[in-house]
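The values are calculated or read from the model by the stated rules, or taken from the named source; none is laboratory data. Please read these numbers as outputs of a predicted model, since none were measured by experiment. Cβ placement follows ideal geometry from the backbone for every residue including glycine, while neighbour counts extend to all protein chains displayed. When the accessible area is computed, the model is the full protein with side chains, heavy atoms only, and any ligands, DNA or RNA have been set aside. Shrake-Rupley method; radii C 1.70, N 1.55, O 1.52, S 1.80 Å.
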Amino acid sequence: LSELSGGKYFYDVENYENIAQTIQNITSNYYVLGYYIDENWDGKFHEIKVKVKRPGCEVFAQRGYFNPKPFTEYSEFEKQLHLYDLALAEKPQFQERLEFPLVALQCSGDKEANCVLISEIPVERIKEVVNQKSEVISFIFDSQKRIVDLRRGDVDIPSLSKKRICHYSVASLAPGNYECRLIIRNLSTGKATVGNVAIKIPEAQTSGLLLFPPLLLIPEREVYYLKGSEANKKETEELSLKNIYPYVSTNSFPIIEELEPGISKILAVARCAALHIPAPNLKMSASLIEKTAKQEIPLTHSLLSGQIKEETGIFFIEITLPKLQPGDYTL
């Protein structure tokens with residue numbers, strides 16, 4: 001590997017003083033050489049030789065390069081490398097990564113089915129990725145970059161009649177910090193787009209009142225909800241978005257990116273848990289806090305519907321928004 005890449009292999013790690021000096025000598029001065037090549041998608045290897053005329057010099061240089069080849073000719077191992085490069089690297093080697101918005105919501109204080117990932121598939125923006133059959137892969141990494149949840153499934157987006165498509169999946173996470181990534185990859189070309197979001201699952205609470213981040217919706221916006229693949233065969237319809245947020249319909253679109261100007265009304269599906277509180281008497285309020293000025297803006301809201309099952313309450317709320325200046329707000 002070191003010969004092919006133009007590096008140097010050190011076999012005796014105990015000889016670290018000489019190794020350190022050699023590394024310093026090799027890397028303290030270097031040249032970057034470049035030349036134009038014809039990019040043929042044939043996957044052939046081209047050898048490179050670098051020579052210098054000055055006596056006593058030793059050259060460390062890349063031995064050659066491979067032409068790119070069509071994604072359909074990749075081996076399964078190469079496709080896996082391509083996928084993990086997209087999932088893990090901030091700047092993937094294989095391509096410039098397109099990105100799309102993704103949100104993660106904690107929806108329960110239990111460990112089971114406590115995280116929902118929702119994203120819009122921006123069909124117009126990523127046409128070159130979704131113009132053919134694609135695969136959707138979701139990764140959830142813990143703080144040690146270990147994969148704790150992985151789902152994969154094929155989807156034929158052009159065949160879906162709706163113009164706006166939202167993808168979602170449900171995960172079960174232990175307390176901790178997580179990085180979530182959703183990848184949509186064209187099965188013919190390998191072109192891909194990536195969504196990325198972080199979430200923290202707090203330690204379980206045994207008593208008191210818990211309010212989870214609400215799912216915010218824009219009413220009267222048609223959407224097709226596409227469920228991600230199931231992690232195992234035990235998962236059922238109980239883990240559908242409709243079951244977790246029962247007031248979601250195909251006529252309400254989730255707020256994932258910035259809120260468009262001029263919207264005066266939004267909907268919220270809020271989940272809460274009243275743990276060991278007999279006959280809880282709940283009062284609801286809503287306000288916006290502008291990020292810079294810290295000014296609190298009370299919001300007019302109304303409870304459209306609600307249900308309480310055991311210790312969990314789910315409420316459907318309509319919120320009226322005043323005319324807002326552009327900026328960042330906390331609800």
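So the values come out like this:
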quantity	calculated
Segment L81-N243, length gained on full extension (0.36 nm per residue, minus Cα span)	54.7 nm
Overall Cα dimensions of segment 96-231 - principal axes, largest extent first, Å	49, 39, 24
Label-point separation in nm, K291 to Y9, each point 7 Å along Cα→Cβ	5.1 nm
By accessible area with a 1.4 Å probe, ligands and nucleic acids excluded, highest first: order of S229, S169	S229, S169
Estimated FRET transfer efficiency (A174, L282; beta-carbon r; R0 25 Å; 0.05)	0.30
Hydrodynamic radius (Kirkwood) for segment 60-138, which is based on Cα pairs only, to one decimal in Å	16.0 Å
The chain: angle of helix 76-88 to the longest principal axis, Cα-based, in degrees nearest 10	60 degrees
Förster radius 45 Å - calculated FRET efficiency between L187 and F60, Cβ distance, rounded to 0.05	0.70
Sum of side-chain charges, L216 neighbourhood, beta-carbon under 14 Å (Lys, Arg +1; Asp, Glu -1)	-2
Potential lengthening between S207 and L324 on full extension [0.36 nm per residue; Cα-Cα distance subtracted]	38.4 nm
q = 0.14, 0.18, 0.21 Å⁻¹, segment 1-120: log10 I(q)/I(0) [Debye, one scatterer per Cα]	-0.92, -1.17, -1.34
With all protein chains modelled, accessible area of F10 [1.4 Å, Å²]	60 Å²
Normalised contact order of the chain, rounded percent, pairs of Cα under 8 Å and 6 or more residues apart	13 percent
Whole-number accessible area per residue in Å² for segment 147-271, which is evaluated in the context of all protein chains at 1.4 Å	51 Å²
(i) 18.1, 52; (ii) 26.2, 89; (iii) 21.0, 66, with the label sought being that of the calculated Rg and Dmax of the Cα atoms in Å	(ii)
FRET efficiency for I26 and N131, using Cβ-Cβ distance with R0 set to 41 Å, rounded to 0.05	0.30
Mean separation of Cα contacts under 8 Å, 6 or more apart, over the residue count of segment 1-87: relative contact order %	33 percent
Where D149, D38 fall by accessible area, highest first, once all protein chains stay in place (1.4 Å)	D38, D149
Within the accessible area of segment 163-234 (1.4 Å probe), percent carbon and sulfur	52 percent
Sum of side-chain charges, S134 neighbourhood, beta-carbon under 12 Å (Lys, Arg +1; Asp, Glu -1)	+1
Amide H contacts under 5 Å for A113, placed H, 5+ residues apart	S172, L173
Cα gyration tensor, segment 214-331 - rounded (a/c under 1.5), prolate or oblate	oblate
Segment V148-E47, extension gain: residue separation times 0.36 nm, minus the distance between their alpha carbons	32.2 nm
Cross-link pairs K127/K200; K79/K133; K79/K163 - those with Cα-Cα distance over 27 Å	K127/K200; K79/K163
